[in-house]
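Novice: Sharing a structure with you now.
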Amino acid sequence: MEEENVTSSPSTPVHRLRHRRRSNEVVMDGDRVNASPLLVNDRNKYKSFMVRTYSTLWMIGGFVLVVYMGHLYITAMVVVIQIFMAKELFNLLRKAPEDKCLPWIKQLNWHFFFTAMLFVYGRILSQRLANTMTADQFFYRLVTGLIKYHMAICYLLYIIGFMWFILTLKKKMYKYQFGQYAWTHMILIVVFTQSSFTVANIFEGIFWFLLPASLIIINDIFAYIFGFFFGRTPLIKLSPKKTWEGFIGASVTTIISAFVLANILGRYPWLTCPRQDLSTGWLQCDADPLFKPEPFALPAWIPEWFPWKEMTVLPVQWHALCLGLFASIIAPFGGFFASGFKRAFKIKDFGDSIPGHGGITDRMDCQMVMAVFAYIYLQSFIVSQSVSVDKILDQILTNLTFEEQQALFVKLGQMLKDKLS
C-alpha cells in the first residue's frame with residue numbers, strides 16, 4: 001500500500017518520502033523485529049542489559065565522585081548537564097539548508113541560554129558570592145555592585161538578543177526563524193528553569209539534592225529490572241516498553257529506599273549542613289532537629305515474634321517518604337512526556353552520548369520534575385520562613401555600601417548603649 005502511494009504521487013520528492021520512512025523505521029524498529037515492544041520478549045535484551053549496566057555503573061561512579069568533591073563541583077556538573085541538554089534540544093529543529101543562510105542563528109540561541117543562566121544563577125548564588133568575597137574589600141564592592149544591578153544587566157543582555165533577532169530576519173526565512181526563537185524560549189522555560197531548582201537545593205544542603213536525585217535513579221533502575229524479568233502488562237502507549245509490573249515494583253522499592261537512604265545520608269554533617277558561600281571546604285554545623293535521632297515505638301499490630309519493639313529514626317525520614325512517593329508515582333510522567341515528545345519528532349532518543357541510555361536529556365526528564373517538587377517541598381514544609389538574624393545580615397551585606405554598613409553599626413551600637421543605660 002505504501003509503494004502505491006509513492007508511485008501515484010510523482011510530484012512528491014522521492015528523497016523526502018525516503019527520509020520520512022527512515023525516521024519511522026527508527027521508532028518502530030523494535031516493534032517490527034520482535035513483534036512485541038516488551039523487554040521480556042526482546043531477543044537482544046541481555047546484550048542491551050550489559051551495555052546499559054556498564055554505562056550506569058560509570059555514571060553512578062562519576063556522580064558519587066562529584067558529590068564527594070562538594071557543592072561547587074555539583075553545581076558545575078548541573079551546568080554541564082544543562083548545556084548538553086540544550087545542545088540536544090536545539091539540534092532537534094535544526095535544518096542545515098536554513099542554517100547556512102542564517103550563520104548567526106546558533107550563536108543567538110546560545111546568547112539567550114547564557115543570559116538565562118546568568119539571571120537564574122545570579123539570583124540563587126549572589127549572596128553566597130558576596131559572602132565569599134568579604135575578605136577582599138575591592139572585590140566585595142565589585143561583587144555587591146554587580147548584584148545590585150544584576151537584573152538590569154540581564155535585561156540589557158536579553159534586549160540585545162531580541163534586537164539581534166529582529167535585525168537578522170530574512171525574507172522567506174521568517175517562519176523558520178520565529179520557530180527557532182519560540183523553541184529556544186520553550187527550552188529555557190521547560191528545561192533550564194526547572195533543572196535550575198537543583199542548584200538551589202544543593203546549597204540548602206547536599207542531602208536535598210542527593211536524596212531526590214538518588215530516588216529517581218533507583219526508580220529508573222528497578223523499573224527496568226522488574227520490567228526486564230517480569231514485565232507482561234503494558235503501562236502506557238507513549239512508552240511501549242513500560243509495564244505495570246515494572247512501575248509497581250519500582251514504586252515499592254523507591255519508597256522503601258527513601259526511608260532507609262534518608263537515615264543513612266542524614267547522619268553526615270557534610271551532606272546536611274547548608275553552605276552560605278562558594279568555598280569548597282568540608283562543613284561542620286550543629287545538627288538540625290530534622291537530623292537528630294528520635295525513638296519511635298512500633299505499632300501494636302506488629303507480630304509479637306518481631307525482635308524489635310522500638311526503633312530509632314530521623315524525623316527527616318518521614319519527609320523522605322513523601323519524596324519517595326512523588327519519585328515513584330508522579331516523576332515518571334516526566335519520562336512519559338519525553339516519550340511523547342520523541343514520538344512527535346519521530347526519534348528514538350534525544351542523543352547517543354550515553355551507550356544504552358541515549359542522550360543526556362533521556363536520563364534527565366524525570367530529574368527535572370523531581371527537582372522542582374523537592375525545592376517546593378523544602379521551602380514550603382521544612383525551611384523556616386520567619387525572619388532571622390542571618391537573613392537580615394544577608395540583606396545588609398548585599399544592599400548597603402561599606403560606608404552605610406559602618407553607619408548602621410555605629411547607630412545600632414548607640415541604640416544598644418541607650419537601652420542598657
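The values are calculated or read from the model by the stated rules, or taken from the named source; none is laboratory data. If you're wondering where the values come from, they're calculated on a predicted model, not measured in any experiment. So basically every Cβ, Gly included, is an ideal-geometry build from the backbone, and we count neighbours across all protein chains shown. Note: areas computed on protein heavy atoms with side chains; ligands, DNA, RNA excluded. Shrake-Rupley method; radii C 1.70, N 1.55, O 1.52, S 1.80 Å.
Novice: Any idea which of (1) at pLDDT below 90; (2) in contact with a helix residue (DSSP H, G or I) (Cβ under 8 Å, 6 or more places away or on another chain) is the one Met77 doesn't satisfy?
Specialist: Here Met77 meets the rest and fails (1).
Novice: Across segment 54-64, which residue is surrounded by the most Cβ atoms within 10 Å (Cβ to Cβ) among those that are more than 22 Å from Gly205 (Cβ to Cβ) and free of Cβ contacts under 8 Å to residues at least 40 places away in the same chain?
Specialist: Checked segment 54-64; the qualifying residue surrounded by the most Cβ atoms within 10 Å (Cβ to Cβ) is Trp58.
Novice: Here's another thing I want to ask about it. Under 30 Å from Asn91 (Cβ atoms) and in contact (Cβ under 8 Å) with a residue 12 or more places away in the chain: which single residue out of Val369, Val316 fits that description?
Specialist: Sole residue among the options that is under 30 Å from Asn91 (Cβ atoms) and in contact (Cβ under 8 Å) with a residue 12 or more places away in the chain: Val369.
Novice: Restricting to segment 276-295, name every residue that is of a type in the set (A, V, I, L, M, F, W, C) and open to solvent by less than 70 Å² (accessible area, probe 1.4 Å).
Specialist: Leu278, Leu283, Cys285, Ala287, Leu290, Phe291
Novice: Condition (residue is part of a helix (DSSP H, G or I), open to solvent by 20 Å² or more (accessible area, probe 1.4 Å) and more than 30 Å from Pro240 (Cβ to Cβ)) applied to segment 346-368: is it met by at least one residue?
Specialist: Within segment 346-368, not a single residue is part of a helix (DSSP H, G or I), open to solvent by 20 Å² or more (accessible area, probe 1.4 Å) and more than 30 Å from Pro240 (Cβ to Cβ).
Novice: Among all residue pairs at least 6 apart or on different chains, which show Cβ distances below 6 Å where the first residue, located in segment 336-360, is over 18 Å from Trp183 (Cβ atoms) and free of Cβ contacts under 8 Å to residues at least 12 places away in the same chain and the second is open to solvent by 30 Å² or more (accessible area, probe 1.4 Å) and of a type in the set (Asp, Glu)?
Specialist: So the pair list comes out as Gly358/Asp349.
Novice: Quick check on this structure: which one of Ser9, Ser23, Ser36, Ser48 is at pLDDT below 80, more than 30 Å from Thr233 (Cα to Cα) and open to solvent by less than 100 Å² (accessible area, probe 1.4 Å)?
Specialist: None of the other options fit; the residue is Ser9.
Novice: Turning to a different aspect of this structure: Contact list please: Cβ distance under 7 Å, first residue in segment 137-154 and over 17 Å from Tyr121 (Cα atoms), second residue polar (S, T, N, Q) and not in a helix (DSSP H, G or I), pairs at least six apart or on different chains.
Specialist: Hits for this filter: Tyr140/Thr134.
Novice: Considering only residues that are of a type outside the set (Phe, Trp, Tyr) and more than 17 Å from Thr243 (Cα to Cα), look in segment 328-343 and name the one that is nearest to the chain's Cα centre (by Cα).
Specialist: Applying the filter and picking the extreme gives Lys342.
Novice: On to the next question. Name the residues in segment 184-239 that are open to solvent by 20 Å² or more (accessible area, probe 1.4 Å), more than 17 Å from Asp365 (Cα to Cα) and over 21 Å from the mean Cα position of the chain (by Cα), would you?
Specialist: Ile225, Phe226, Phe229, Phe230, Arg232, Thr233, Pro234, Leu235, Lys237, listed by residue number.
Novice: Considering only segment 308-341, state which residues are open to solvent by 30 Å² or more (accessible area, probe 1.4 Å) and assigned to a helix (DSSP H, G or I).
Specialist: The answer is Trp318, His319, Leu321, Cys322, Leu325, Phe326, Ile329, Phe333, Phe337, Phe341.
Novice: Using the structure shown, decide if Phe119 is open to solvent by 60 Å² or more (accessible area, probe 1.4 Å) and out of contact with any Phe, Trp or Tyr (no Cβ under 7 Å at 6 or more places or on another chain).
Specialist: Answer is yes for this residue.
Novice: Also, I was wondering about something else. How many residues does segment 65-96 contain that are in contact (Cβ under 8 Å) with a residue 24 or more places away in the chain and farther than 25 Å from Phe350 by Cα?
Specialist: Here the count works out to 6.
Novice: On to the next question. Going by what's in this entry, would Lys170 be described as farther than 25 Å from Phe63 by Cα, open to solvent by 50 Å² or more (accessible area, probe 1.4 Å) and in contact with a Cys (Cβ under 8 Å, 6 or more places away or on another chain)?
Specialist: yes
Novice: Okay, next question. Need a quick list: helices (runs of 4 or more DSSP H) entirely within segment 86-175 having at least 1 residues that are at negative phi and acidic (Asp, Glu).
Specialist: Filter on segment 86-175 gives 96-101.
Novice: Continuing with the same structure: Conditions first: (1) touching a helix residue (DSSP H, G or I) at 6+ places or on another chain (Cβ under 9 Å); (2) without any contact (Cβ under 8 Å) to a residue 40 or more places away in the chain. Ile159 passes all but one, so which condition is the exception?
Specialist: Ile159 satisfies every listed condition except (1).
Novice: Right, something else. In segment 352-391, which residues are among the hydroxyl-bearing types (Ser, Thr, Tyr) and either within 19 Å of Ile83 (Cα to Cα) or at pLDDT below 85 (or both)?
Specialist: Ser353, Thr361, Ser384, Ser386, Ser388
Novice: Looking only at residues that are open to solvent by 20 Å² or more (accessible area, probe 1.4 Å) and among the hydrophobic types (A, V, I, L, M, F, W, C) in segment 91-104, which one is modelled with the lowest pLDDT?
Specialist: The qualifying residue modelled with the lowest pLDDT is Ala96.
Novice: In this structure, does Asn131 turn out to be among the polar types (S, T, N, Q), in contact (Cβ under 8 Å) with a residue 24 or more places away in the chain, open to solvent by less than 80 Å² (accessible area, probe 1.4 Å) and over 26 Å from Asp365 (Cβ atoms)?
Specialist: The answer is yes for Asn131.
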